[in-house]
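Rule-based calculations on the coordinates, nothing more; no lab input. Not measured: the values here are computed from a predicted model. Positions of Cβ are generated from backbone atoms using ideal geometry, with glycine treated the same way; all protein chains shown enter the neighbour counts.
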Amino acid sequence: WLEVLGTPKPRRNDNSSRFGKYLQLQFDNSEAGLMAFGDKSVSKCKLAGSTCDVYLLEKNRVVTHDTEERTYHIFYQLLSAPDSQKSGFWSKLGGTNFDSFKYIGNTSTKKIEGKSDAEHFDHTVKTLALIGVKGDKLNALMCAIAAVMQLGNFAFKEQGGDADKSECTTPQEVKDLAKLMGVSENDLILSFTERTMKTKTETYKVPLSKSNAKDACDALAKEIYGKLFLWLVQEINAATRAEDNYKGGSMSSFGIIGMLDIFGFESFVVNRFEQLCINYANEKLQQKFTEDVFRAVQQEYEAEGIALAEISYDDNTDVLDLIESRTGLLAMLNEECIRPKGSDFDFVQKALQQNKKSPCLLTNKTDRMSFGVHHYAGKVMYNAEGFVGSNQDTLPTDLEDLMFKSDNEIVSQKPPEPEAAKGGRSAPKRQKSNIVGSTVWAKYKTQLSSLMSNLRKTSSRYIRCIKPNMKKKPILMEHIPTVEQLRCAGVVAAVTLARSAFPNRLDNNGVRFRYNSMWDKDAYPSRKTHGMDPVQAAACDADAILTCALKIKEFVDKEGNTKKAFVVGKTKTFFRAGAMEYLEANRATGLDSQASTIQKYARGYIIRKRFKDLVTGAAEKEKLQREELERQAKERKARFAREKADRDEGRKADKKKYEDKLKKVRQQMEEADEYKKQSLAEIADRKAKAEEEIEGLREQTSEEARKALMEPKKLAAQQKKKIEENTKLIEYLKKENKKIRKDHTKIKTKYDVVKSNNDKLIENNESTGENFDDLNETTGKVHQKNEDLTVTLEKAKKDNKKLKEKCMGKQEEYMSQAETRLEYQKTMARILNMIQDQSKEQQLVEDTVVIALECEAEAKAIMAALEAETGDGI
C-alpha cells in the first residue's frame, strides 16, 4: 500500500522508494520458555501483528520531477482507471489523462513490472479494502489525491502590473478545487495570494508575488500529500497493530523483529536538500554497521586470544561531526531558517567559514552556492539553492486554516496535541509567532536518533541489494556500477575493516596439513607435549611451522619490537597482508624429498607385483585360458544342436501349413464345380418353362385376336401405331439378348480357362512342395479371380433373368397385338369383298383394297420376324 504512494519510477529502474520505513513484526512469545522442554523444531512464538514507522517522504517529487522519470505511481494508476470508476470519486476526473494535470505529465512508460497502470489500480483498490479503506474512506483518499493533482493546474499573474501582488488566472480550476475540498472560492484564492503575518503584538496581511503564490500552491499540494500518506500509515497500523487486534487487546508486551528499509546513498548530477538528508541517514547507519562489524571482529579476536591492539580502522565520525555538531551544517541551516532574512547563500558561506578545518568539507571555488561533503561512499557536491525553503516545515497559517475548513476528513485532519506532563499541570504556553517554527532537519534528526536508539537495542543483520546492470537484463554484470553500489552500501568499508589487521585466516589443522613441507623440525621444534589435547597440539605445530616458513616476513615496528607475519589463535591462524600469498607461492619448495619418498614406495610396489605375476601368475593364467577354450567349445556345440532342432521344427510346421492350404484349395474347386452344375440345371428348367409359357400365350392370343377383328377402323389405326412402337422395342430387346448371350459365352470361356489353370496349379503343387510360398501366393490370386468371376457370373445371371422377364412381357404384348392385327386383316378382307360386291363407287373400292393390302403385308412381316426372333432367343 505504502509503495504505491511513496514509490516513483526513476531513471535507472521501475521502482525506488522515496521514504524510509521501519517495520516491526510483533510476536507472542509468552510460551517461548516452553521450547526448552519440548520439540525445538516447532516455534512457540506466534505472529501477533505489526507496526510501521515512516521517515522523510520526498514531497518535492509531488510538484516536480525529471522528464525521463515519473512521479508517484498512484497518480498514474488513478488516471488510468475506467472513467466510470474515477468519475465516481470526482466527476471532473472523467475523460482526463496524464496530460490533463501539469504535476503529472505524459510518460513513455506504459507498464510497470509487466502490468498496466489500470491493472495496478485495480489491485491497489482490492488491497486497500483488506485494511478497511473502502467506501467513504477510499473516496476521501482518492479525492485528496485528485486535489493534489488539481493544484498543479493553478496559474498566477501580476495584479494590475504590481510585481508584489498576484491574482489567479485559472478561475475554472479554482472553482473545481473549491467544490472538491468543500471550501469557498474566495478563501481558496486568498490563501494563495495573501499571507497573514502574526507577531506577539499584532496581526497583518501581506500580498504575495506571482512566484510566491505559486510556491504557496505547491506547498499546499505537498502538505496534503504528506497528510494522506501519514493517514494511510495510521490506517495500516490500526488494522495490524497487535495491541489492538491480538486477543482482544489483552496483551501489551510482544517480541519484536524489526526490518528497516531505507533509501540508499545518493549522488546525482545536481544534489539538493533531500539528498543531504538521505546521505546523513546513511552516515548514521554506516556508523552502526561499522560498529557491528568491529564488534564481530572483536568477538572473534577475543575468542581466539588475539590482542585487540592489532585492529585499526577508519570510521565516519568526522563526517557526522561536520553535519550535526554545534557549528555543523545542521546548526547553520537552522540558524538561517530562524533569521528573518535568512538565505541559501548566507548558509553556505557560514558553513564554509565555521568548518573550514574539517577534512570532510569540500569547497567549490567556481560556485559559491554549492559545497561538498566527503562521505564514506565518496565525494558529493550539493547545490544549496532552496535549502532554506525546503528546511522550513511550518506551513503558513492561511493554508492550515484552509485545510481545516475542508470537508475531506484526510485534508482537515489536525496534528495530535502534545500530552500534558504526568503528575501536574502543564506549563503555561507562551504566545508564539508564525514566522518561525520547527525545521524539517530538526524533526528528521529526532526521528533518526529514535530509530538508531531502537536499532542499538537489537541484534542487527544486514541485507545489501545490488543491481548488476543498468539495462535490466539477466545474466549481465557491469563491473563499474556494481563496484560503485558496493562502495555506496558500505560493503567495501566493512571488508576493509575486517581485513585491516589480518586479511586471511586458516584453521590450525589446515596450516599443519598444507605447509608441513616447509617445516624444518630440527631447527624449529614444536612445543607440544603428550599431555596436550589435539587443539593445543595443532596450535603449537602451526606456530612452529609458520615461524620456520615466514621467518623472512618478520619486521620491526616503530617501537623496535619484532613482529611476525602471523598470529596463532586457539583454533585459527591469522595472517598479515601478503603472508598467505607467500606461503602458497613457496609451498612446493619442500615437496622434493616427500615426492622422492612417495616414488620409492610406489616403485617398490610395482616391481614386487610384476615379479609375483611372473612366478605364480603364468600357470594360473594358462589354466584359465584352457578352461575358457573348453567352455567356448561346449557352448558352440550346444548352440549348433539348438539351431538344427529349430530348423527341423520349422520345416515340419511349414509342410503342415502347406498341406492344409492345398486341401482348402481343392475343397474350394469342388464347391465351384458343384455350383456350376446346379446353375446349368436351373437355366435348363427355366428354358423349358419359358417354352411352355410361350405356347400358352400363342393359344390365348389367337382367341383374343378373333374377338378384336370386330373393332372399327379407328381401332385399326391405334393398333398400327402400337405395332410400330412394339417393333422398335423388339429390335432393342433382340440386341440386348444377343449381348447377354455373348457375355454368357465369354464367362463360360473364362470359367473353363480358370478351371484349366486350377488343374495345372494342383499338378504343379504336387511336384513342387519346396516352392510352397510362391505357389501359395499364385493360388491366392487364382482364388481371388475365381471369386471375382463367380460374382460377375451371379450378376450376369441376375441381369439375364431380369431381361428375360422383360422380354417375355413384351413378347406377350406383341403377340396379342399381332393376332389382333391378323384377325383385323381377315375382317378387312371380308369387308373388302362386301364393298366390291355392293359399292358402286370405284374410287372407294380402290382405296379400301390398298389399305387392306398394306395391313396384310405388314402383319405377315411382323409375324415372320417375331417367329424368327422367338426361335433364336430360346
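Side notes on the structure shown:
- Ordering of 470-476, 337-343 by packing [mean C-beta count within 10 Å, highest first]: 337-343, 470-476
- Peptide ranges 125-133, 382-390 listed from the most packed, as the mean C-beta count within 10 angstrom indicates: 382-390, 125-133
- Gain on full stretching of the segment that runs from ASN509 to GLN625 - 0.36 nm per residue minus C-alpha separation: 36.5 nm
- Order by protection proxy (mean Cβ within 10 Å, highest first), peptides 255-266, 602-613: 255-266, 602-613
- Cβ-placed point charges (K, R +1; D, E -1), dipole of segment 483-552 about Cα centre in debye, nearest 20: 100
- Whole-Å distance, taken between Cα centres, linking segment 45-115 and segment 598-665: 85
- Segment LYS46..THR363, full-extension length gain: 108.7 nm, with 0.36 nm per residue of separation and the alpha-carbon distance subtracted.
- For segment 99-192: relative contact order, % (alpha-carbon pairs under 8 angstrom, 6 or more apart): 22
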